[in-house]
Amino acid sequence: MIIIYYTYLVLLGISALNVLYWLVFSVAGRLGRADDSDVISSPSVFRKIGVLIPAYKEDTVIVDSVTENLKQNYPADRFELIVIADSFQPQTLAKLATMPVKVLQVSFEVSTVAKAINSALSRLPLDQYDILMVSDADNHMAPDFLSRINNAFAQGWRAVQGHRVAKNINTSVAVLDAISEEINNHIFRKASRVLGLSSATIGSGMAFEPNSMKAAMATQNTIGGYDKELETNIVISGNTIAYLEDAFIYDEKVANRAVFQNQRTRWVAAQWQFVKVYFWTGIREILRGHWGAGFKVIQAVFLPKILLLGLLAACIGMGGLTGQSMLWKIPLVLLLVLCGSLAISVPAHLWKRITFRELLLIPLLLLSFVRAVLNMRKAFKRFIHTPHTNTSSTRVP
């Protein structure tokens with residue numbers, strides 16, 4: 001019983017700190033605005049934008065994505081789609097060759113997004129671009145996306161994260177994945193900016209000044225999750241990352257538990273490796289008074305929301321075993337506070353998609369997440385690819 005009691009106290013303390021973090025940021029996101037509140041309607045300069053599209057075996061979606069992303073209301077001669085093609089079929093390459101895009105073929109013994117992007121950065125004439133943006137192979141940019149990126153750079157920003165939203169909500173898993181992403185947008189991006197911190201990046205829909213991006217990509221230590229290193233290096237170099245809430249880019253959400261588990265395995269492994277490499281760098285930045293840069297690393301230590309829900313449920317159970325009512329009531333209150341914090345972070349249009357089926361699925365996804373944590377070593381040696389399908393866009397926002 002003593003072991004249960006002290007384990008309970010440790011887990012409760014960790015949970016309380018995490019709940020406080022989620023509460024503060026969820027409220028902050030409701031009280032402030034993102035960085036695109038004042039939109040420049042008639043830009044005087046259309047900056048040349050290169051859109052990097054790293055793609056590994058994405059034959060199923062790439063042609064459709066390129067077709068959609070060419071439909072920008074931005075001057076056609078002022079942006080260029082650059083497909084970084086890794087392990088594509090010859091027929092796919094032939095189709096791309098007929099389209100107004102640049103194709104850079106790459107091949108690696110162990111493929112990663114970071115290697116693909118760094119290869120492109122070494123081969124492209126960076127002085128021909130004012131802005132470099134990254135888009136996933138399945139992503140569809142809203143027609144005004146590049147215009148909003150251009151407007152942000154006109155306001156003086158040199159690093160920008162757009163608003164990535166769900167392209168599909170065709171299954172219960174996809175609905176919950178879409179909700180999870182919007183909560184992250186609210187907490188890690190919008191709320192961070194409201195509190196004076198840099199927005200977190202998300203791997204796509206992000207844009208940078210070319211030379212700053214190349215310098216920030218020069219030292220990549222993880223197989224997956226390159227965007228966290230890129231984000232941290234950008235902030236350490238003195239740049240603040242803006243968040244554009246109205247600049248939409250549509251992303252395919254995972255549709256089943258197996259893909260969810262594989263994707264989270266890659267994410268958990270990337271986060272673990274990132275913390276191992278950058279933790280003391282973050283501490284040094286804080287000691288130097290560079291709170292924004294240091295907090296980027298500290299943020300990565302906080303527990304994912306679904307794991308925190310499970311941890312609080314475990315604390316309630318352990319508290320009940322002690323026979324003292326206060327010991328299960330405290331984590332129950334924390335659980336309610338966390339649920340409230342997450343609830344106010346969900347946009348109204350997704351609340352309409354939640355049914356009893358989605359609520360019943362949460363414990364199963366928690367189990368998948370725990371398995372992802374236990375299997376994360378698989379992602380240390382190889383890149384775990386998330387397969388995409390040619391899913392039509394719902395364009396909910």
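Provide a single number: the residues in the stretch 69-87 that are hydroxyl-bearing (Ser, Thr, Tyr) and out of contact with any Pro (no Cβ under 9 Å at 6 or more places or on another chain).
In the first step, residues of the stretch 69-87 are kept if they are hydroxyl-bearing (Ser, Thr, Tyr); the result is 74, 87.
Those still in the list that are out of contact with any Pro (no Cβ under 9 Å at 6 or more places or on another chain) too: 87.
So the answer is 1.
Taking the conditions (1) among the aromatic types (Phe, Trp, Tyr); (2) at pLDDT below 90; (3) closer than 30 Å to Ile169 by Cα in turn, Phe380 satisfies each one other than (3). Summed over the stretch 127-137, the residues that are crowded, with 21+ Cβ neighbours inside 10 Å and of a type in the set (Asp, Glu) give a count of 1.
Among the candidates Lys57, Lys48, single out the residue that is surrounded by fewer than 20 Cβ atoms within 10 Å (Cβ to Cβ), modelled with pLDDT under 95 and among the charged types (D, E, K, R).
Details: Lys48 fails: modelled with pLDDT under 95.
Within the list Lys57, Lys48, the selection yields Lys57.
Across the stretch 98-126, the number of residues qualifying as charged (D, E, K, R), at pLDDT below 95 and surrounded by fewer than 18 Cβ atoms within 10 Å (Cβ to Cβ) comes to 1. Within the stretch 167-182, the only residue that satisfies the criterion of being in contact with a Lys or Arg (Cβ under 7 Å, 6 or more places away or on another chain), within 12 Å of Pro347 (Cα to Cα) and aliphatic (A, V, I, L, M) is Ala178. Can you tell me which residue in the stretch 264-298 is nearest to Arg371 (Cα to Cα), limited to those that are among the polar types (S, T, N, Q) and modelled with pLDDT under 85? Top of the filtered list is Thr265.
Per-residue answers, yes or no, for (1) among the basic types (Lys, Arg); (2) buried (at least 22 other Cβ atoms within 10 Å of the Cβ); (3) at pLDDT 95 or above; (4) assigned to a helix (DSSP H, G or I):
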| residue | (1), (2), (3), (4) |
| --- | --- |
| Asn211 | no, no, yes, yes |
| Thr219 | no, no, no, no |
| Gly224 | no, yes, no, no |
| Val235 | no, yes, no, yes |
| Asn239 | no, no, no, no |
| Ala247 | no, yes, yes, no |
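Scanning the stretch 251-262 turns up one or more residues that are in contact with a Lys or Arg (Cβ under 7 Å, 6 or more places away or on another chain), closer than 30 Å to Arg357 by Cβ and part of a helix (DSSP H, G or I). Checked against (1) farther than 24 Å from His163 by Cα; (2) surrounded by 13 or more Cβ atoms within 10 Å (Cβ to Cβ); (3) in contact with a strand residue (DSSP E or B) (Cβ under 8 Å, 6 or more places away or on another chain); (4) not acidic (Asp, Glu), Lys95 passes all but a single condition, namely (3). Scanning the stretch 154-192 for residues that are surrounded by fewer than 24 Cβ atoms within 10 Å (Cβ to Cβ), more than 30 Å from Leu359 (Cβ to Cβ) and touching a residue at least 24 places away in the same chain (Cβ under 8 Å) turns up Ala154, Gln155, Trp157, Arg158.
The values are calculated or read from the model by the stated rules, or taken from the named source; none is laboratory data. Here the structure is a predicted model, which means the values were calculated and not measured. Every residue, glycine among them, receives a Cβ derived from its backbone with ideal geometry; neighbour counts consider all protein chains shown.
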